[in-house]
Amino acid sequence: MNTSRSAGTSLRPTHLFRPALERDRMQALLSEGDLIVSDAEESEGGVAANLIRDESGLRLAFLTSEAELHVQELSEAVRFLPKVTWRLPHTDMLLTGFRSGRWHGLGLYASEGKQLVSYLDYSVKLEGQEIEIGFCMTHPEWRSRGLVKRLLASLLLLYFDHTFRISTHESNLAMSRALEHFGFTVNARLPRDRINGETTLYLIRKAASPFTLAEPN
Ligand SMILES: CC(C)(COP(=O)(O)OP(=O)(O)OC[C@H]1O[C@@H](n2cnc3c(N)ncnc32)[C@H](O)[C@@H]1OP(=O)(O)O)[C@@H](O)C(=O)NCCC(=O)NCCS
C-alpha cells in the first residue's frame, strides 16, 4: 500500500490501495484511530483514496467480543421498526449475530473510548465477493452528524472490490439518504414486511463504485 503525507492535516492522495492484497493493512490503518475516509475511486488496478485527519475525537474500531457490552448498551438505546418475522427483540438478534463470528461489528467511540455511539455490522458472503450489511444504528443523541456515513465510507473502502447489499424500510429517510449517497439502489421491495405494514427495501451497490463522504460544494 502506497501512503504519502503532505503538509497540513490531509494525507494526499493518499493511498493507493489494492483491496485483495492489502485489506488487513488498511484495516489496521483505519483502526489507528484518527482518520476519516474522505473519498475513493478505482485506479491502477486498485483504489485511490483520500484519508483525512479526524479532529472530532471519535475513534473508529473494528469490534472484538470484548465490545459486546458497549454494543448491547447502544442497541438498547435505539429503536428499530421490527419485521413481521422477528420473534426476538432486536438486541437479542444483533448480539447473537455478533457472538457468532459471522457478523463483524464496526463502530465509532466517543468520550475517549468509553461510549460506542454508532455501529454497523457486516458479513462476508458469496465466497468473499459480497458484503451484507446488517444492523446500523447511531445513538439518538449523536444523530445527524454524519456518523453512519462515516462508518459506511470506511467499510466501502475496505471492501471496495465487493458488491454490497442491505435492507431498510421505506420511511427510514436517514438510512435511505445515507445509502443513496453512496450509490446503493433499490433492487427489490417486500410489501407489508414491517409490523406497521411498511415495505422493506432491498438495496445493492456495485463493486468498485467511486464515492465521496461529503457532497461537493
Ligand atoms: C438511520 C441511522 C443509523 C442514521 O444514523 P446517523 O448517524 O444519524 O446518520 P448520518 O448523520 O450519517 O446521516 C445520514 C443521512 O441521513 C440524513 N439524515 C439524518 N437524520 C435525518 C432525519 N431525521 N431525517 C431525514 N434525513 C436525515 C443526513 O442528512 C444524511 O443524508 P445526506 O447524505 O443527504 O446528508 C439512525 O437514524 C438510527 O440509528 N436509526 C434507528 C435505527 C435504524 O433505523 N437503523 C437503520 C436500519 S437499516
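Rule-based calculations on the coordinates, nothing more; no lab input. Remember, predicted model here, so these are calculated numbers, not experimental data. We place every Cβ from the backbone using ideal geometry, glycine too, and count neighbours over all the protein chains shown.
What is region 57-209 by shape, rounded, prolate or oblate, if you read a ≥ b ≥ c off the alpha carbon gyration tensor as root eigenvalues and call it rounded for a/c under 1.5, prolate for a/b larger than b/c, and oblate otherwise? Let's see the in-between values first.
Numbers: a/c = 1.40, a/b = 1.14, b/c = 1.22.
Because its axes are fairly even, with a/c under 1.5, region 57-209 counts as rounded.
Just add up the charged neighbours of T163: K/R +1, D/E -1, any other residue whose Cβ is under 13 Å from the Cβ of T163.
Details: positive: K125, R165, R205, K206; negative: E127, E130, E132, D161.
Net of charged neighbours comes to 0.
What is the sum of charges around S111, taking Lys and Arg as +1, Asp and Glu as -1, for the other residues whose C-beta is under 14 Å from the C-beta of S111?
Details: positive: R59, K114; negative: E73, E112, E141.
Around S111, the charge tally is -1.
Evaluate the relative contact order of region 81-217 (contact order divided by residue number), counting alpha-carbon pairs under 8 angstrom at least 6 apart; express in whole percent.
Working: 212 pairs, mean separation 28.1, N = 137.
Averaging sequence separation for qualifying contacts and normalising by length gives 21 percent for region 81-217.
Could you tell me the calculated FRET efficiency between E141 and T96, based on Cβ-Cβ distance and R0 = 41 angstrom, to the nearest 0.05?
Values: r = 26 Å, r/R0 = 0.64.
After rounding, the FRET efficiency stands at 0.95.
Using only alpha carbon pairs under 8 Å that are at least six residues apart, calculate the relative contact order of region 160-217 and give it in whole percent. Spell out each step's value before the answer.
Numbers: 85 pairs, mean separation 25.5, N = 58.
Result for region 160-217 is 44 percent.
Counting only DSSP beta bridges with both residues in the chain, tell me the antiparallel percent, nearest 5. Before the final figure, lay out the partial values.
On the way: 48 of 51 bridges.
Percentage antiparallel, nearest 5: 95.
If the reach is capped at under 17 angstrom between alpha carbons, list the lysines near K125, excluding any in the same chain fewer than eight residues apart.
Qualifying lysines at Cα under 17 Å: K206.
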